[in-house]
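These notes concern the structure reproduced below.
The values are calculated or read from the model by the stated rules, or taken from the named source; none is laboratory data. None of these values were measured; they are calculated from a predicted model. Cβ: placed from backbone, ideal geometry, glycine included. Neighbour counts: every protein chain shown. Accessible surface is based on the protein model in full, side chains and every heavy atom, while ligands, DNA and RNA are left aside. Shrake-Rupley method; radii C 1.70, N 1.55, O 1.52, S 1.80 Å.
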Amino acid sequence: MKKIIITFCISIFMCFAGFAENKESAMGKYKYTIGGFWTCYQDFAGGYGEYGFNLLSEENKVVVRDCIYIEGQGGYLAKNDCLGYGALEIGNKFILGGKIKCNDFIIRSYGFSAVGVGLYTCEGHIFFSLPIIIDLSLGGGFEFQFASKMAFVIEFGGLFRMFAGENNYEKKIYPSYSTSPSLSIGFRSYI
């Protein structure tokens, strides 16, 4: 837990230091977003990149965005388990929220729902074989846009993980579903 807090603090400092160098004020008009995130769950961690597009022609006070993401994960498949794994997941995230514009910056708060499908590998399991991972996520987040085309982002929520596909041997090793809290930090660029 101590390492997570230290990493979190260093990431925040680096993001804010980068924003402080930009002299332009924040803008509210954009069509697309590109983001990079580090995310931490209870039994695993990973990183993901996302590409999003604004579903409204102009963002006034409401934020409606759809994002496609690709995530890499590593950790343990079940609580208190020594079965380490690595996974690659692709999914879709829907964002709905609001925007507050101040003098030189914009704050967006939002809720999100996401669905992802992934392949994984671990001892005794081949990457392209069944079962596959299905992740359902719900949560909320904040974007702090201090620069003209970039924002620092923090998201939090929960994950419900299921395994789809038939493999009787692996059903004995780990449960058919699990839940986990999540925390993500990263950035979004606006295009």
*In this structure, is Ile191 at pLDDT below 95, under 24 Å from Cys67 (Cα atoms) and surrounded by 15 or more Cβ atoms within 10 Å (Cβ to Cβ)?*
no
*Go through region 61-113 and give me each residue that's closer than 19 Å to Tyr32 by Cα and small (Gly, Ala, Ser).*
Gly91, Gly97, Gly98, Ser109, Gly111, Ser113
*Qualifying residue in region 15-29 (condition: modelled with pLDDT of 65 or more and either more than 18 Å from Phe187 (Cβ to Cβ) or within 16 Å of the chain's Cα centre (by Cα) (or both))*: yes
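Quick one: how many residues across region 154-166 are farther than 16 Å from Ser137 by Cα and either surrounded by 21 or more Cβ atoms within 10 Å (Cβ to Cβ) or of a type outside the set (A, V, I, L, M) (or both)?
Of the residues in region 154-166, 2 are farther than 16 Å from Ser137 by Cα and either surrounded by 21 or more Cβ atoms within 10 Å (Cβ to Cβ) or of a type outside the set (A, V, I, L, M) (or both).
Modelled with pLDDT of 60 or more and within 12 Å of the chain's Cα centre (by Cα), is that true of Gly46? Give the derivation first.
Values: modelled with pLDDT of 60 or more: yes; within 12 Å of the chain's Cα centre (by Cα): yes.
It is true that Gly46 is modelled with pLDDT of 60 or more and within 12 Å of the chain's Cα centre (by Cα).
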_Matching residues, region 167-183, being surrounded by 14 or more Cβ atoms within 10 Å (Cβ to Cβ), at pLDDT 90 or above and not small (Gly, Ala, Ser)_ = Leu183
*Considering only residues that are of a type in the set (A, V, I, L, M, F, W, C) and within 18 Å of the chain's Cα centre (by Cα), look in region 130-146 and name the one that is least open to solvent (accessible area, probe 1.4 Å).*
Ile133
*With Phe142, Phe127, Phe163 as the choices, which residue is touching a Pro at 6+ places or on another chain (Cβ under 6 Å) and free of Cβ contacts under 8 Å to residues at least 40 places away in the same chain?*
Phe163
